[in-house]
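The values are calculated or read from the model by the stated rules, or taken from the named source; none is laboratory data. Note that the coordinates shown come from a computational prediction; the quantities given were computed from them, not determined experimentally. Note: ideal-geometry Cβ built from the backbone for every residue, glycine included; neighbour counts use all protein chains shown.
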Amino acid sequence: MNKELFYRILSSVILLPLGFLTLYFGSYYLNFFLLISFIISVIEWNNISKNFFIKISGIFFLFISFWTIFLIRNDINNDFKVDYLFMVLIICICTDTGGYFFGKLFKGPKLTKISPNKTYTGVCGSFLFPLIVLIFLTTIFEKEKIILSLFETNFNFYIFILGISLVSQFGDLTISFFKRLSNMKNTGKIIPGHGGLLDRVDGMIFAFPTAYILYNYLLT
């Protein structure tokens, strides 16, 4: 195991439980977590964006993204809010994890010059891994079956997973594009093995606003 992968795994072991716990408990725990994450994301975005209009637009988008997490979690009219947020978070994490390990294991042709490390096999892994994990969770654990009631059919559930995964990958490539414009490898150094916070949540900041729209206008 190389040093970068070791730090990547260690950081994930620490950060993932923290993220899940703040979503679960909500209240001021989540509010504080979202506020700190937003501030760090804005600082990192400010470092990689050079155009003033793009800089301001990005900050506004980041605010909307973190705000949608708050809105879903604090929707007192729906019993699925926590499960729904967990599901979206799991999809994003599995998309990133599947892409990373499939790309490392199977390599293959490069996807785009925007992000030189990404491959077509990695993209396949990004779609397959969240499908496998969510199907397993909703099959094995009785509590997770509750989330299926949001969807009319299992097919719609699978399409939702693939759709959120696609948006997450788009977010990853978008941040990579701006990093490349600024000749930066990472958005920061706050997370060992990952780089900056935006390097870790680049897909999530696009996935959660999408999930919010689906949650309010198509699923409920």
- Message: So if I check each of Asp79, Asp83, Asp75, Asp96, which one is under 22 Å from Met184 (Cα atoms) and either at pLDDT below 90 or crowded, with 19+ Cβ neighbours inside 10 Å (or both)?
- Response: Asp96
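So if I check each of Leu162, Leu173, Leu105, which one is part of a helix (DSSP H, G or I) and under 21 Å from Asp83 (Cα atoms)?
Leu162
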- Task: Mind listing whichever residues of the stretch 176-190 are in a loop (DSSP other than H, G, I, E, B), farther than 18 Å from Tyr100 by Cα and not β-branched (Val, Ile, Thr)?
- Result: Ser182, Asn183, Met184, Gly188, Lys189
- Is there any pair linking a residue in the stretch 110-129 that is more than 15 Å from Leu173 (Cα to Cα) to one that is of a type in the set (A, V, I, L, M, F, W, C) and surrounded by 19 or more Cβ atoms within 10 Å (Cβ to Cβ), with Cβ under 6 Å and at least six apart or on different chains, and which? Thr121/Phe102; Gly125/Phe102; Phe129/Cys94
- Message: Looking at (1) in contact with a helix residue (DSSP H, G or I) (Cβ under 9 Å, 6 or more places away or on another chain); (2) free of Cβ contacts under 8 Å to residues at least 40 places away in the same chain, which one does Ile140 not meet, given that it meets all the others?
- Response: (1)
- Out of (1) in contact with an Asp or Glu (Cβ under 9 Å, 6 or more places away or on another chain); (2) at pLDDT 80 or above; (3) under 18 Å from Leu23 (Cβ atoms), what's the single condition that is false for Ser176? (3)
- Note on the structure: Per the filter on the stretch 146-159, residues among the polar types (S, T, N, Q) and either in contact with a Phe, Trp or Tyr (Cβ under 9 Å, 6 or more places away or on another chain) or in a helix (DSSP H, G or I) (or both) are Ser149, Asn154, Asn156
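May I ask you to say which residue of Ile135, Ile147, Ile175, Ile161 is within 26 Å of Asn47 (Cβ to Cβ) and among the hydrophobic types (A, V, I, L, M, F, W, C)? Spell out how you get there, then give the answer.
On the way: Ile135 fails: within 26 Å of Asn47 (Cβ to Cβ); Ile147 fails: within 26 Å of Asn47 (Cβ to Cβ); Ile161 fails: within 26 Å of Asn47 (Cβ to Cβ).
After applying the criteria, what remains is Ile175.
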